Structures are given as C-alpha cells and as structure tokens.
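Let me begin by presenting the structure, written as structure tokens, before commenting on it.
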Amino acid sequence: MTFRSLLRSPYTGFIFFAVLLLLIPLAVTNEYYLNVLIIIGINSIIVMGLDLLMGYTGQISLGHAAFYGIGAYISGVLSAKWGVPPLMGLLLALVGVSIIAFTVGNPTLRLHGHYLAMATLGFGIIVFIFFQELDFLTGGPSGLVGIEAMTLFGITFDSDRSYYYLVSIVMLIILLLSINLVNSRVGRALRAIHGSEIAANVLGVKISRYKNGIFVISALYAAVAGWLYAHYITFISPSSFGFMFSIKLVTMVVIGSLGSLWGAIFGAALLTSLPEFLTVVEDYETVAFGIILMSVMIFMPRGLLRGIEDLVIKIFARISDRSEVQEKINE
Amino acid sequence: MISLEQQILQFVITGITIGSIYGLIGLGFSIIYNSTEIINFAQGEFVMLGGLITVTGIQVLHLPLPFAAILAVIMVAVIGIVMDLFAIRPLKDASAITLIIITIGASIFIRGVSSFVWGKEPYTIPAFSGEEPIPFFGAVIQPQSLWVLFITIVIVVGLKQFFDRTLTGKAMIACAFQPRAASLVGIDVSYMVLLSFGLSGAVGAAAGIVIAPMSMTQYDMGVMLGLKGFCAAIIGGLGYPWGAVVGGLALGILESLGAGLISSGYKDAIAFTILLLMLFFRPQGLLGKTKGDRV
C-alpha cells in the first residue's frame with residue numbers, strides 16, 4: 001500500500017481520530033470540560049445518524065429528538081421503576097425505537113420537501129406531548145428521577161473519566177459502522193436516491209426500502225445516544241427532547257457540512273460547546289446563536305467544514321496563480 | 001348545568017376564534033411561500049412582535065389602541081422587509097434546507113432580541129370593546145371573538161381584492177406561478193418578494209394584536225402559534241392562501257372539540273395528529289388539486 005493510497009483510505013482518518021479521542025483525557029483533567037466532551041460525544045452519535053438520513057439520502061427530519069427521547073425514556077423508565085439493568089434497557093429501547101421508526105417512517109418518507117419536514121416535526125411534537133402527559137410512567141414535565149448509573153458487565157461507569165471512555169468507544173464503533181455503510185453498495189444507493197429518486201428507481205434501487213432502512217438506522221443511533229444520556233445524567237425531563245433540540249440537531253448537520261461524517265462530528269462539537277463560549281456574552285447567548293446560524297448559512301451555505309475547505313483551495317489557487325503570473329513576467 | 005349540545009357549541013365557538021388566528025398565521029406563510037417557495041419559520045415571531053409592540057404602544061407610549069395597532073403592523077412589516085433584505089436576498093438559488101435553517105436562525109434571533117426588550121414576563125392588553133360575554137343559544141361569545149372574526153374577514157377580503165384587482169397583486173401571483181416568466185414580462189421579482197415579506201409581516205402582526213387580549217403575549221409565544229399556522233396552511237393546501245383560512249378553521253374547531261371532549265393535555269397532539277393524517281392521505285390539502293411531480 002503506497003503512502004498516497006493510505007492517505008486516501010477512509011480508515012486513516014478514523015485511526016488518527018480514535019487515538020486523539022482516547023488521548024484527550026490525559027490533557028483534559030477538569031471534570032467540567034470532560035462533561036462537555038461527553039455531551040459532544042452523545043450529540044455527535046445522533047448527528048451522524050441524521051447526516052446519513054439528510055446529507056447522504058437527502059431526507060430531512062425535524063423530529064429526531066423524539067427518537068433520542070424514546071431511547072432515553074424506555075431505558076430510563078425501566079431502570080427507575082423496575083430496576084432493569086442498562087444493557088437490557090438498551091436492547092428493549094432499540095427494539096421499541098425500531099418498531100416506532102419503521103411504523104412512522106413508512107408513510108412519512110413517501111413525502112418530500114416541506115411536507116416531509118412538517119410530518120417529522122409533527123411526529124416530534126406528538127412524542128414530546130406523550131412524554132409530558134404519561135406522567136405515571138415518565139414523571140411528566142418535572143422529569144424522571146432515580147435512573148441507575150451505567151453498569152455494564154460488572155463495571156460501573158460512575159466517574160466522568162470512565163464515562164468519557166465509554167461514550168468515546170460507542171461513538172467510534174458507530175463512526176466505523178457509518179464509514180463502512182457510506183462506502184458500501186448501500187451507501188452508493190443512498191447517494192443515488194439523493195441525486196434523483198426517479199433515476200435511482202430506474203437503475204433498480206428499491207427507494208422506499210432504502211429510505212425506510214436508513215430512517216430506522218438513524219433513529220437507532222439516536223436511541224443509543226438517548227440511552228447513554230439517561231444513564232449519565234440519571235435524570236431526564238421532556239424539555240431535553242423537544243422541538244428546539246430537533247432543530248439544533250439539524251443545525252449541527254447543516255453547519256458541519258451535509259453528507260460528511262466528519263462534518264457531523266465537527267458540527268456537533270461546535271454547537272454543543274458554543275453556549276460554553278457564549279457565556280462570556282451571557283444574556284446575548286440566543287441572539288448570538290441566531291446571528292451565527294444565519295451568517296454561516298449566508299456566507300458558507302455548504303457548511304463550515306466544506307466552506308473552510310473551499311476557502312483554503314481558493315487561497316492556494318490564488319497564490320499559485322500569482323506565482324504563475326510572476327513566472328511569466330520573469331520570462 | 002349546561003347540556004352536551006351547548007358545550008359542543010361552546011367548543012365550536014372557541015374553535016372558530018382560535019382557528020381564525022391559525023388561519024391568519026397560515027395566510028402569512030402562504031403569501032411568502034407563494035412568491036418564493038420558502039417556508040418562513042419566523043412567521044410566529046411576527047405574530048409575537050405584533051402583540052408586544054402593541055403592548056408597548058399602549059402602556060409606554062400611551063397611544064390609543066388603533067394607533068398602537070397600526071404602529072405595530074407597520075413596524076412588523078418593516079421587520080419582514082429587513083429580514084428579506086439581509087437574510088434571504090443574499091442567498092440566490094439556495095437549497096430548501098439552507099433556507100429553512102436561515103429562517104430558523106432569524107426566528108431565534110428575533111426571540112433573543114425580544115427577550116431583552118420585553119423581558120420574559122407575559123403581557124396582556126384590555127379587550128377591544130369590553131369583556132361582557134354575549135349569550136348565544138345557551139353558549140357565550142366573548143366580544144373579542146367577534147373582533148377576531150371581523151378582522152380576519154376584513155384581511156381575507158382585502159387580500160382577495162388586492163390579488164384580484166390591483167396590478168401589483170396580479171404581479172405577485174405571476175411570480176408565484178413562474179418567477180422566470182414573470183421577470184421576462186417586466187415584473188421586478190425581487191421587489192415582489194420584498195413586498196410579500198412585508199405583507200406577511202403585517203398579516204402576522206394583525207393576528208398577534210387581535211389575540212393579545214385573549215392570551216398572554218410573551219417573547220416565546222410565536223413558536224407554537226407559528227407551527228399551528230403552518231399546519232393550517234398545509235391542511236388547507238400549501239400555496240392556496242384561502243386554503244390556509246379554511247385549514248385554520250378546521251384545525252381550530254377539531255382541536256377545541258378534542259381538547260374539550262377528550263383531554264386538554266393532548267390538545268396539541270390532536271392538532272398534529274390531524275396534520276399527519278392529512279399529509280398521509282391527502283397531502284395536497286383540502287383545497288389543493290392533485291398534480292403530478294415533474295422530473
């Protein structure tokens with residue numbers, strides 16, 4: 001394998017990233033920063049799934065917080081009310097979410113554009129209301145307390161540091177699965193659907209099966225993230241899974257750069273840590289958030305990652321242009 | 001003790017009132033969607049601004065209600081125009097997702113600024129003409145409900161005249177059908193888009209003003225109202241302005257009956273379930289006609 005093909009391989013980046021992630025706790029010892037990093041990890045799991053759906057397959061969802069919430073609530077309620085161990089909770093959450101996602105996805109994904117956006121948004125709000133109203137199970141608007149801390153195979157993850165490693169490993173597994181998925185036959189089929197559904201159909205891609213499949217997969221990612229969140233915070237309330245969070249997830253995908261898994265992680269990291277930076281301007285936080293959203297979209301509509309890439313290429317092109325001109329003058 | 005029939009009548013009256021509001025908000029969505037194919041997620045913020053500016057006009061500037069209302073309508077129309085100039089116009093040929101994010105950004109921005117200007121507490125203004133309920137076949141009608149209906153009818157009739165009778169109105173319809181063709185016959189499309197944002201802001205503000213006496217006006221009230229207006233527009237048929245009004249009334253009545261007869265906690269869930277059923281079984285809306293997709 002030559003150096004060049006090594007650079008091009010999608011796994012090279014993955015290995016660098018994995019090493020970086022596992023080394024971070026050596027440099028970051030502050031519990032608070034670790035806590036932010038854990039939330040970034042959890043969010044990037046959902047955002048990767050949403051990017052598979054939005055960026056690769058071209059189907060928008062404004063209701064993904066619902067799957068995140070269902071994952072968190074299934075495992076959380078089972079743990080708090082009946083003491084079901086987290087691993088069992090995860091399995092049941094995955095089964096529950098895949099049934100719900102499949103049932104909802106089937107009629108919903110026949111819609112396009114604004115109609116699809118509105119249907120997923122409506123689904124998200126309905127689920128949110130159920131979290132609030134089923135208070136004998138969920139504790140209602142004031143939240144669910146008493147979720148047990150994460151224990152897997154006899155190991156209790158009760159410190160921020162151990163939880164950081166757990167989240168990182170889960171996230172890396174999901175990243176690896178996603179890299180394989182997008183570079184496979186399935187990934188090409190998904191991109192074909194994004195390009196043109198009719199053309200993909202003519203070429204023999206079973207569109208509805210692929211769209212449903214990727215919708216269920218992205219819902220499962222969100223459920224895993226919800227499970228990690230519930231057993232980390234050990235307290236959940238509906239407000240974490242509302243419409244605004246769905247919007248934030250979509251924003252992470254778009255700001256990161258649609259159709260790029262690295263972009264998804266970058267977007268999740270940026271938007272999750274943004275409020276921490278913005279505390280400097282405290283009360284202006286929401287105003288600043290709105291301005292940043294709008295200006296990224298206006299000046300870099302392809303997202304920050306690609307936008308920066310384009311900028312670098314442009315600058316290099318200009319430099320090489322200039323040197324070519326210089327050479328011509330010299331001649 | 002009031003009978004079930006009277007209760008149902010009462011729910012229908014409430015439903016018509018709130019449904020007119022949803023219809024007005026949906027009308028605002030449709031006006032912008034028609035000329036740009038943009039779903040403006042800041043539409044609910046226009047409604048909130050309309051209410052809050054009126055509150056300031058009355059309580060701080062001590063203006064009489066009609067002047068405060070006119071001031072609010074004009075200011076929100078200007079805000080709509082500013083939004084088009086600074087957030088929408090710089091993007092030519094942007095994707096639907098980009099435009100959705102932009103308008104969401106604008107709505108977050110407007111909400112943030114409003115939470116500064118007005119704080120987070122709710123405001124209310126006195127009803128336009130007294131609060132003595134009018135008895136009606138065993139049910140009662142709030143005078144403000146009549147105002148809501150009256151203003152809705154005035155706006156709907158006014159807009160119908162504007163789109164059917166004036167050159168500018170017809171030019172806007174032309175942009176909706178075919179922006180390219182419209183520009184070929186000499187219509188300034190970007191001016192029409194600007195106008196549609198202004199008009200949509202004004203209609204949104206009017207909705208915010210008429211409900212200000214009936215519900216608490218607060219910096220974050222726009223989110224749910226905006227979504228319900230969007231529901232109304234889709235239920236009626238996206239892009240059919242009169243559909244938004246029909247959709248709003250249908251949504252308001254069903255939601256009010258559901259809340260009264262089934263459970264008030266699930267009121268919003270009922271509204272969005274209706275939306276989902278509509279999208280699954282009749283996505284073109286109540287008034288829309290089926291049309292084939294072009295490749």
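The values are calculated or read from the model by the stated rules, or taken from the named source; none is laboratory data. What you see is a predicted model; the values in this text were computed from it and never measured. Backbone-built Cβ (ideal geometry, glycine too); neighbour counts: all protein chains shown.
Which of the helices (runs of 4 or more DSSP H) contained wholly in the range B:195-295 include at least 1 residues that are away from chain A (no Cβ under 11 Å)?
B:222-236, B:241-261
Quick grid of which residues meet (1) without any contact (Cβ under 8 Å) to a residue 60 or more places away in the chain; (2) in contact with a Cys (Cβ under 8 Å, 6 or more places away or on another chain); (3) outside any helix (DSSP H, G or I); (4) closer than 23 Å to A:Ile70 by Cβ:
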| position | (1), (2), (3), (4) |
| --- | --- |
| A:Gly146 | no, no, yes, yes |
| A:Ser162 | yes, no, no, no |
| A:Met171 | no, no, no, yes |
| A:Leu176 | no, no, no, no |
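Residues checked against (1) touching a strand residue (DSSP E or B) at 6+ places or on another chain (Cβ under 9 Å); (2) at pLDDT 90 or above; (3) of a type in the set (Phe, Trp, Tyr):
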position	(1), (2), (3)
A:Ile39	no, yes, no
A:Leu50	no, yes, no
A:Leu116	no, no, no
A:Phe123	no, yes, yes
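Which residue is farthest from the other protein chains (Cβ to nearest Cβ), if the candidates are limited to the range B:64-105 and must be under 17 Å from the mean Cα position of the chain (by Cα) and closer than 28 Å to A:Leu53 by Cα?
B:Thr103
Do we have A:Met150 as in contact with a His (Cβ under 7 Å, 6 or more places away or on another chain) and either over 19 Å from A:Tyr68 (Cβ atoms) or in contact (Cβ under 8 Å) with a residue 60 or more places away in the chain (or both) here?
So A:Met150 passes the test.
For the range B:93-126, name all the residues that are within 30 Å of B:Gln6 (Cα to Cα) and crowded, with 17+ Cβ neighbours inside 10 Å.
B:Ile125
How many residues are more than 8 Å from chain B (Cβ to nearest Cβ) and closer than 17 Å to B:Phe281 by Cα when one looks only at the range A:98-107?
Looking only at that region, the number is 4.
Go through B:Val193, B:Val203, B:Val245 for me and flag whichever is more than 24 Å from B:Gln142 (Cβ to Cβ) and either surrounded by fewer than 24 Cβ atoms within 10 Å (Cβ to Cβ) or touching a residue at least 40 places away in the same chain (Cβ under 8 Å) (or both).
Sole residue among the options that is more than 24 Å from B:Gln142 (Cβ to Cβ) and either surrounded by fewer than 24 Cβ atoms within 10 Å (Cβ to Cβ) or touching a residue at least 40 places away in the same chain (Cβ under 8 Å) (or both): B:Val193.
For the range A:48-90, give me each residue that is part of a loop (DSSP other than H, G, I, E, B) and closer than 24 Å to A:Pro141 by Cα.
A:Leu62, A:Gly63, A:Gly83, A:Val84
Would you mind finding the one in A:Ala66, A:Ala72, A:Ala117, A:Ala93 that is of a type outside the set (Phe, Trp, Tyr), within 14 Å of chain B (Cβ to nearest Cβ), surrounded by 24 or more Cβ atoms within 10 Å (Cβ to Cβ) and under 27 Å from A:Gly213 (Cβ atoms)?
Just a single option satisfies the conditions, and that option is A:Ala66.
Of everything in the range A:120-157 that's at the interface with another protein chain (Cβ under 7 Å from one of its Cβ atoms) and not hydrophobic (A, V, I, L, M, F, W, C), which residue is surrounded by the most Cβ atoms within 10 Å (Cβ to Cβ)?
Within the range A:120-157, the match that is surrounded by the most Cβ atoms within 10 Å (Cβ to Cβ) is A:Gly122.
Here are A:Ala230, A:Ala264, A:Ala225, A:Ala269: which of them is within 24 Å of B:Thr98 (Cβ to Cβ), more than 12 Å from every other protein chain (Cβ to nearest Cβ) and crowded, with 24+ Cβ neighbours inside 10 Å?
A:Ala264
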